[in-house]
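The values are calculated or read from the model by the stated rules, or taken from the named source; none is laboratory data. The shown structure was predicted, so the numbers you read here are calculated from the model rather than taken from an experiment. A quick note on method: Cβ atoms are made from the backbone with ideal geometry, for glycine too, and the neighbour counts reach across all protein chains shown. With ligands, DNA and RNA removed, areas are computed over all heavy atoms of the protein, side chains included. Shrake-Rupley method; radii C 1.70, N 1.55, O 1.52, S 1.80 Å.
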Amino acid sequence: MSQELTQQWLAEIQTLKQQLAELEQRSNAGWESAEKWRQLYNTEAEQRRTDTQMSQVAIAELKAEIQKLKGIEDATLPDSTTATAIQQEIAQLQSPEELKPKLIAVMKERDRLLQALKTEQDNHAQTRNNLTTALGDAIDSLTRERAGGEGESGR
C-alpha cells in the first residue's frame with residue numbers, strides 16, 4: 001500500500017513537472033512573440049519618422065521656392081546653385097502674368113504634399129494603434145496564460 005501511494009505521488013510529481021515545462025515553453029513563446037511585435041512596431045515607427053522627415057524637407061523646399069517666386073528673399077535655400085537657377089528662371093519672366101501659372105503649380109504641389117503628409121501621419125497613427133493593440137493583446141494573452149499556469153500548479 002505504501003509503495004502504491006509512493007508510485008502515485010511520483011507519477012503526480014512527474015505530471016506536474018511536465019505541465020511546468022509546457023507552461024515555461026508557452027511562456028517563452030509568448031515573450032518571443034511580444035518581442036517580435038515590438039521589433040515590427042519599432043521598424044514601422046522608424047519608417048514613418050523617415051517618411052515624415054522627407055516630406056517636411058520637400059515642403060520646406062517648396063515653401064522656399066514659393067517665397068522666392070513671390071520675391072521674398074529667404075536665406076534657407078538649400079544651396080547657391082538652386083538659388084541661381086531660380087533667379088535665372090524668374091529673370092526670364094517678362095510679366096506678372098507669366099509668374100501666375102508657375103505660382104499656381106507650386107501652390108498645388110505644396111497642397112498635394114501637405115495632403116500626402118497628413119495621410120502619411122494618419123496612416124502612421126493607425127499603424128501605431130494597431131501594433132500597440134496587438135502587442136497589448138499578446139501581453140494580455142501571456143498574462144492570462146501565466147495566471148492559468150499558476151492556478152494549475154497550485155492544485
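Are there any pairs, at least 6 apart or on different chains, whose C-beta atoms fall under 9 Å, with the first in the range 1-25 and free of Cβ contacts under 8 Å to residues at least 60 places away in the same chain and the second assigned to a helix (DSSP H, G or I) and of a type outside the set (D, E, K, R), and if so, which?
Correct list of pairs: Glu22/Gly149; Glu24/Gly149.
Looking at the range 14-32, is at least one residue touching a Gly at 6+ places or on another chain (Cβ under 7 Å) and at pLDDT 90 or above?
Yes, some residue in the range 14-32 is touching a Gly at 6+ places or on another chain (Cβ under 7 Å) and at pLDDT 90 or above.
Taking the range 13-41 only, how many residues are open to solvent by less than 90 Å² (accessible area, probe 1.4 Å), more than 18 Å from Leu142 (Cα to Cα) and not hydrophobic (A, V, I, L, M, F, W, C)?
Residues in the range 13-41 being open to solvent by less than 90 Å² (accessible area, probe 1.4 Å), more than 18 Å from Leu142 (Cα to Cα) and not hydrophobic (A, V, I, L, M, F, W, C): 2 in total.
Can you name every residue in the range 80-118 that is modelled with pLDDT of 80 or more, open to solvent by less than 60 Å² (accessible area, probe 1.4 Å) and β-branched (Val, Ile, Thr)?
Residue satisfying the conditions is Val106 alone.
Starting from residues that are polar (S, T, N, Q) and open to solvent by 90 Å² or more (accessible area, probe 1.4 Å), keep the ones in the range 48-79 and report whichever is modelled with the lowest pLDDT.
Across the range 48-79, the extreme among qualifying residues is Thr76.
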